[in-house]
1. Collect the residues in region B:46-76 that are facing chain A (nearest Cβ under 10 Å), over 20 Å from B:GLU122 (Cα atoms) and not in a strand (DSSP E or B), keeping them in residue-number order.
2. Restricting attention to helices (runs of 4 or more DSSP H) lying wholly within region B:90-161, give those where 2 or more residues are more than 14 Å from chain A (Cβ to nearest Cβ).
3. Which condition does A:SER71 not pass, out of (1) over 16 Å from A:GLU131 (Cα atoms); (2) free of Cβ contacts under 8 Å to residues at least 60 places away in the same chain; (3) within 16 Å of ligand 1 (Cβ to nearest atom), if it passes all the others?
4. Here is a list of conditions, (1) within 22 Å of the chain's Cα centre (by Cα); (2) not assigned by TED's automatic domain parsing to the domain that holds B:GLN614; (3) not small (Gly, Ala, Ser), and B:THR500 meets all of them except one; can you say which number that is?
5. Which residue pairs have Cβ atoms under 7 Å apart, sit 6 or more places apart or on different chains, and have a first residue in region B:588-609 that is at negative phi and a second that is modelled with pLDDT under 95?
6. Looking only at residues in region A:92-114 that are more than 11 Å from chain B (Cβ to nearest Cβ) and of a type in the set (Val, Ile, Thr), which one is nearest to ligand 2 (Cβ to nearest atom)?
7. Filter region B:226-240 down to residues that are assigned to a helix (DSSP H, G or I) and at pLDDT below 95, then give me how many there are.
8. Among the residues of region A:133-157, how many are surrounded by 22 or more Cβ atoms within 10 Å (Cβ to Cβ), within 16 Å of ligand 2 (Cβ to nearest atom) and either more than 10 Å from chain B (Cβ to nearest Cβ) or without any contact (Cβ under 8 Å) to a residue 40 or more places away in the chain (or both)?
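The values are calculated or read from the model by the stated rules, or taken from the named source; none is laboratory data. As the structure is a computational prediction, the values presented were derived from the model and not from experiment. Here the Cβ is made from the backbone with ideal geometry for all residues, glycine too, and neighbour counts use every protein chain on show.
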Amino acid sequence: MKKKPNKNTDIIVHNDSRRDFLKQSTLLTGIALTPEIAVKAAENQWDEKLAEAIEKIPLKLEINGIQKTLSIEPRVTLLDLLREQLHLTGTKKGCDYGQCGACTVHVNGTRVLSCLTLAVMHDGEKITTIEGLANGDELHPMQAAFMKHDGFQCGYCTPGQIMSAVACIREGHANSETEIREYMSGNICRCGAYPNIVNAITEVNKGGKNI
Amino acid sequence: MNKLFFDKVIGDPLNRVDGRMKVTGAAKYSAEYQLPNLVHAVVVPSTITKGRIKSVDSKAALRSPGVLAVISHENAIKVPGNADNEHPTEPPTGGQPLRAFYNNKVYFNGQPIAIVIADTLERAQYAAGLVKFEYDQDKHVTDFELNKGKGVLPEKAKKDPKSSLADYDRGVVDAYKTAAVTVEAEYIHPTEVHNPMELQAITAYWETDDKLTVYDKVQGTKPTQQAFAKEWNLPVQNVKVISEFVGGAFGNGLHNWPHETAAIIAAKMVKRPVKLMLRREHMFYMVGYRPYTWQQIGMGASADGKITGISHIAIGQTSTYEEFTESTVQQTKMMYASPNVSTRYRILPLDVSTPIWMRGPGEATGAFALECAMDELAFALNMDPIQFRLANYTDEDPEKKLPWSTKYLKECLEVGAEKIGWSKRSMKPGGLRAGEWLVGYGMGVGTFGAHRGAAAVRGRLLANGTIIFQSAVTDIGPGTGTAMVQIASEHIGIAPDKITFQLGNSDFPQAPNQGGSATVATVGSAVVATCNAIKEKLLTMAPTAEKRFANAKMEEILFDNGQMSLLKSPSIKVSYTNILKKNSLTEIDIIQDAKPDDESNKYSKYSFSVHFVQVHVHPTTGQVKVNKVVTCADAGKIVNKKTAGNQLIGGVTGGIGMALMEDAIIDHRFGRYITKDFADYHVPVHADVPQIEVYFVDKPDYIVDPMGTKGLGEIAIIGVAPAVANAVFNATGKRIRQLPITPDKLI
Ligand code: FES
Ligand code: FES
């Protein structure tokens, strides 16, 4: 098959970020603007700004102890907010479907799959990510135990495992290896460091510290 | 060798040097670099399996907010290296690799046929769903079972009859048929997907029109640099590949894939850094898999348990545009002392994407058939499977007719049998119970070549007594940096906490892909060579700082704890920092390479493992629980027992997945995977994996490399699945020859 000629060397058809947003009649009714104003707005490229104002929702979150005042699209997941907008990339994306646990964070102290929840649903809530678990330079006991027991290989599932592990103990679900395995089964480790993770959790649980 | 430090550092279960970064979230993977003006990409997969794209309608996508471009074969810039570059995506062995947006052809379902670029991830994702395609659809062929008669000899074997892929005959073909006791069986290994936890990701950035930087999830920064330099007709040094942390790969980073080129094309066209992370479903068809493989084994033995013949046929799946091959029949050629062995290896091209080596490539698939057949024959002989293997043990390689460099498989068998409690095993299937559960014991042997390649390492001994090493090698999880620090510590005589090992950057000295269990042997040897070169240098400069070293020879000196001392009079000593100071140097900077010598070719070099498994099988539900695993490895000297043990545990876990759950299924009506995430494609989770006991022979093999190591990553999984299958037979009397062993096959 011969390659078709390049139709389009200036490929970026949509080079201007203008979206003709206001020219669409369905939206016009929604925002009750007259067509003339809308066209004028579009011509003056106000639509981008206006759209942003409409599309985005104000949101206050406390992330790792720091108050954040944000304005985000409602479709943004907590995971993508953390990783892509706040650059807290310690929280991992392993599936985006709530099946792997890599994205586990704490919301008001409870473990939550951040890929499976929209950020705007957490207005006013406290989010803790792996970056906020240590006390300054001093590792959280679970982080230290993961290092000691080598509870990881590639490290990609690790933040999720650790956040889940802490919650697992707090929930009182770490009383035996079998129970730990059951309550940690939402966190997949493809490298297969499972026994070491279980050993780390067992040790921290036995340590009896308030974590 | 410096015995003092040897005991202290090599073999010491040192915590991982990058562990802190991994447990605090500071480790950066390929999609986690913040570049100014970064934009987001989403690939669009084809929804047909074979045919041509008639038209691409990107109007709606382009109108969607924030969208910068929709790129497909219709408007993609030409990749300059495509024309004269037959194999930009080695290593598969032949054919034309798939080129991103090269033309309108569709070769498999899910082929990346467009890429959408937008200012935010959400906008790119949304717009990707708006791109519409019209196709001319051709009839596709994806059903392996219906077509397995059409398997062909790989090109490489056609060209070179000595190739390891060619037909192999030792003694008489099919001699097993006339043996006193024979077994013949077919084994099916389904398609398995690597599915590392990190989704394949690339951040591509053109600094100038001819300077490319990629943060890319790959297993080799240098091979990737070469591939993209070729592809874009650039001087090699103009391409920079960074892969500091790799979130697992298990082989799928051994090949550069079209999505990587797609992101690079996009970055060039939108003139901004582009970040692309595949989605989980893409991991099933865009970045390789372990191919569906059909095997047949015939094996015969004399009544006293001596194998007289083995015939092994394997047919593995490949794509229509690339020949993918692996060493499926290798273990059969060299593991047992049979005078007559024949192997045939064929590949079957289908309208699917190209496979890629997955941990224990080929060998793991082959060992499933071979080690199950061994169990079947032992049963037919009424022999204990361990005794049967010992009766056919080889003290030299029967294929190459060479002595083993080292082989401690007997020790592995002994230790493993004792630790699992083999003596409790019932010879009769179904003879043991624990409550309502049937209990069974099984074992399987694994082997993999103890490979070593060529590499170079840079070492910079600084005035403050610390030392920094650099290598382009990646670390996909085994703990390469940690092992290298330990090797360096022993050989340069500096404490581990004063050593930094930097990796995952193509600017650093040459290292091959991390693969084939060869990294420690390959890069570790270069670390040793660099340490030796630095020591030579220190020795020549030492007299400036301490005259009494003037006539000293290398073997008379102890390098330890940051200083040199004379072995005979240890009070005569001088620190490295002092040597640098007295020579008015701020550092010693040396790049040294290392490669295996010819002498090692006089030996056959393999690592060995034995996996012992105890399963519980529920007679009513068919549920199989792996209750206990004992794995013993002959992998030479172990550099770090903690990380090495973890690697074994991980391999066994992969083997449990292979045995009991992993199965990527295509709906052949559409040629499309119906398993596309972790809900459909099951991998082992915490609840599936018991404590796994690992043991190392821990005896050095200095023929393979100066540290005495042999590879470990592959033998960790090779032989696990047959051990589970054999244990299931021992528990139930049911021989399941088609993986995975799901409950429906047992009830
Ligand atoms: S990324 Fe959220 S569960 Fe996998
Ligand atoms: S450490 Fe790699 S997935 Fe868990």
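1. B:HIS73, B:GLU74, B:ASN75, B:ALA76, listed by residue number.
2. Working: elements: B:121-128, B:144-147, B:155-159.
Hits in region B:90-161: B:144-147, B:155-159.
3. A:SER71 satisfies every listed condition except (3).
4. Of everything listed in (1) within 22 Å of the chain's Cα centre (by Cα); (2) not assigned by TED's automatic domain parsing to the domain that holds B:GLN614; (3) not small (Gly, Ala, Ser), B:THR500 misses just condition (1).
5. Once the first residue is at negative phi and sits in region B:588-609, its partners that are modelled with pLDDT under 95 give B:SER607/B:SER517.
6. Among those residues, the one meeting the criterion is A:THR104.
7. Of all residues in region B:226-240, those assigned to a helix (DSSP H, G or I) come to B:226-231, B:236-238.
In the following step, the residues that additionally are at pLDDT below 95 were identified as B:226-231.
Adding up the residues that qualify gives 6.
8. Here the count works out to 3.
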